[in-house]
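Here is the structure we will look at, set down as structure tokens.
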Amino acid sequence: MSVRELSAREIAGLVKRGELKATEVVRAVFDEIKNNEKKLNALITIMEERALKRAELIDEKVAKGQWKEKALLGVPVVLKDNICVEGYPTTCGSKMLKKWISPYNAGIVDYLEEAGTILIGKSNMDEFAMGSSTEHSAFGPTSNPWDLERVPGGSSGGSAASVAAGYVPLAFGSDTGGSIRQPAAFCGVHGMKPTYGLVSRYGLVAFSSSLDQIGPFTRTVEDMALALDVIAKHDYRDSTCWTGNRPSYSEAILNANIKGMRVGVVRDFMEEGLDDELAQAVEKGLGILVENGAIPVDLNLGDIKECALPCYYIIAPAEASSNLARYDGVRYGLREDADNLLDQYIKTRGKGFGDEVKRRIMIGTFVLSSGYYDAYYLRGLKARKYVCEKFKEAFSNVDVIVMPSTPTPPFKKGELVGDPIQMYLSDIFTLPVNLAGLPGISVWMGLNSTGLPMAMQIIAPKWHEVRILKAAAKIEETIGACPLAPGGE
Amino acid sequence: MINKEEVERIAGLIKLEITPDEADSLQEHFNKILGYFELLGNLPLESVDPFVGDEDVICPMRGDDVSRWDNVMALNELANFNEEGYFEVPSILGEDN
């Protein structure tokens with residue numbers, strides 16, 4: 001079996017037992033990247049020298065019988081390029097930060113290094129995480145490893161493609177409205193957005209602070225649990241990070257039993273606007289859970305599908321317009337020379353930001369501006385509360401909810417780029433989960449009749465990632481772990 | 001409906017240079033997106049309190065502990081920082097003022 005086919009758990013086991021050297025892992029990863037990166041464009045920064053040094057250190061420690069307690073020893077990892085790694089660029093896929101070098105590590109980078117991982121590179125993304133196709137990147141689009149003519153989804157498209165193509169078994173992204181789950185669905189891997197506050201966002205460049213969350217991409221549910229064990233910790237440097245105790249996710253899914261689990265299904269979501277084969281995939285997933293002892297429950301979530309999209313596109317741009325005000329050419333990032341300070345601000349921001357970012361910060365400023373605040377922003381906040389209440393009611397009757405991850409299979413590059421509403425609609429099933437701060441996973445459900453990946457989403461109440469992982473583990477027992485995509489060969 | 005002047009006014013509020021072509025495209029997209037926002041008008045939201053934060057999560061106070069940041073030079077190097085320790089920017093008023 002080649003390194004690219006191994007899961008994170010398998011690599012860590014082999015490295016700890018001295019049966020595979022970390023340096024061999026790293027060499028295999030960079031061979032893979034060199035062979036495929038030209039067609040995929042999944043990575044913005046490649047950290048070969050750092051990775052090799054780190055691998056040599058791991059091999060030395062293992063030879064001395066040390067570091068064997070580290071859960072992810074020798075596991076190569078890719079991070080979305082909005083997560084800071086000290087001494088390396090964090091571009092956020094933007095011209096604005098092309099030359100910006102992170103002066104510190106993000107919280108999860110410290111946790112991953114403590115667990116023995118090897119950072120391989122920083123992945124391509126829609127600029128400042130605003131997009132659903134990884135076409136809005138200043139570094140060019142990423143290709144879907146299942147069909148190079150199609151998008152990998154976004155905004156964490158580079159991370160999803162890196163796992164699907166077999167560069168690494170584990171990558172991380174950020175999810176503000178579906179930016180982990182939608183690309184996971186499009187690339188045929190598992191992707192989880194944990195509960196808002198479960199994982200530290202220290203060192204994650206802010207887009208929409210009340211919605212952003214970091215989460216993993218993997219090809220097995222076991223690796224997903226292992227990744228959560230490592231990154232789900234309280235971090236005092238992020239004031240929104242939850243102080244509660246996290247369980248051992250890996251232990252919780254051993255011999256997972258879902259007998260009696262009440263699984264909600266929203267029939268309204270399975271009708272208009274959903275691809276037939278994706279609807280069948282959700283039915284199939286529900287059937288697998290029921291065969292394993294779960295109890296199906298029909299749910300009504302009111303109008304949340306209709307209201308989530310306008311609600312999200314009021315709240316997220318409003319927060320983004322504030323968060324991105326800092327990019328003015330003074331303290332960091334691109335600086336356009338001008339005769340006076342105001343012109344410097346205006347020119348720097350005009351040159352540094354791409355079309356989608358401009359569109360969103362303009363909308364955000366508009367909905368917050370005098371005369372429009374009540375009609376838009378306040379109404380958006382009320383709609384968000386409505387979404388939260390609907391989910392609260394639903395979870396008084398069920399333990400998890402299943403629904404589609406996306407309304408369609410991956411679309412072709414350029415197909416939706418000129419129509420923002422159609423592009424935004426590709427996140428219609430993931431947005432409500434962020435608005436309510438809930439955990440959600442997109443699980444691999446096999447290929448459709450044209451050979452494109454299909455997925456299903458599983459959602460739970462806050463802090464109940466274990467339920468999601470148990471249900472996902474049962475799905476995986478029947479469907480199988482995510483295979484490597486042909487575009488990564 | 002938002003007109004082109006309103007688009008330019010908003011761009012001014014966020015200190016953003018936009019070209020005439022960008023203003024046209026932003027105006028078109030703006031009106032489509034604002035039209036979509038009207039869907040919220042169909043919801044029974046009159047009696048709903050606005051979302052003002054997550055009631056299930058309490059942000060803990062952290063200790064008033066002093067910690068040292070040893071990488072100040074890395075921050076300074078990212079900006080136009082002069083020898084006196086100030087950010088260097090062009091004239092605030094401009095030559096014409």
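The values are calculated or read from the model by the stated rules, or taken from the named source; none is laboratory data. These numbers come from a predicted model, not from an experiment. Cβ placement follows ideal geometry from the backbone for every residue including glycine, while neighbour counts extend to all protein chains displayed.
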Of B:L40, B:L26, the only residue that is facing chain A (nearest Cβ under 7 Å) and under 24 Å from A:L334 (Cα atoms) is B:L26
Taking region B:60-78 and keeping residues assigned to a loop (DSSP other than H, G, I, E, B), loosely packed, with under 11 Cβ neighbours inside 10 Å and of a type in the set (A, V, I, L, M, F, W, C) leaves B:M61, B:V66, B:W69
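Each row is one residue, and each column tells you yes or no for (1) outside the structural domain of A:G116 (by TED's automatic domain parsing); (2) under 17 Å from A:A460 (Cα atoms); (3) not β-branched (V, I, T).
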{"residue": "A:A232", "(1), (2), (3)": "no, yes, yes"}
{"residue": "A:P247", "(1), (2), (3)": "no, yes, yes"}
{"residue": "A:V282", "(1), (2), (3)": "yes, yes, no"}
{"residue": "A:L286", "(1), (2), (3)": "yes, yes, yes"}
Counting only helices (runs of 4 or more DSSP H) entirely within region A:216-333, those with at least 1 residues that are among the charged types (D, E, K, R) and within 19 Å of A:T406 (Cβ to Cβ) are A:276-291, A:304-323
query = Has region B:24-44 got at least one residue that is modelled with pLDDT under 90, within 18 Å of A:R379 (Cβ to Cβ) and part of a loop (DSSP other than H, G, I, E, B)?
reply = yes
In region A:439-486, residues that are touching a strand residue (DSSP E or B) at 6+ places or on another chain (Cβ under 9 Å), more than 13 Å from A:P409 (Cα to Cα) and among the hydrophobic types (A, V, I, L, M, F, W, C) total 14
Looking across region A:410-433 at residues that are outside any loop (DSSP other than H, G, I, E, B) and touching a Ser or Thr at 6+ places or on another chain (Cβ under 8 Å), the single one that is farthest from A:L452 (Cα to Cα) is A:Y424
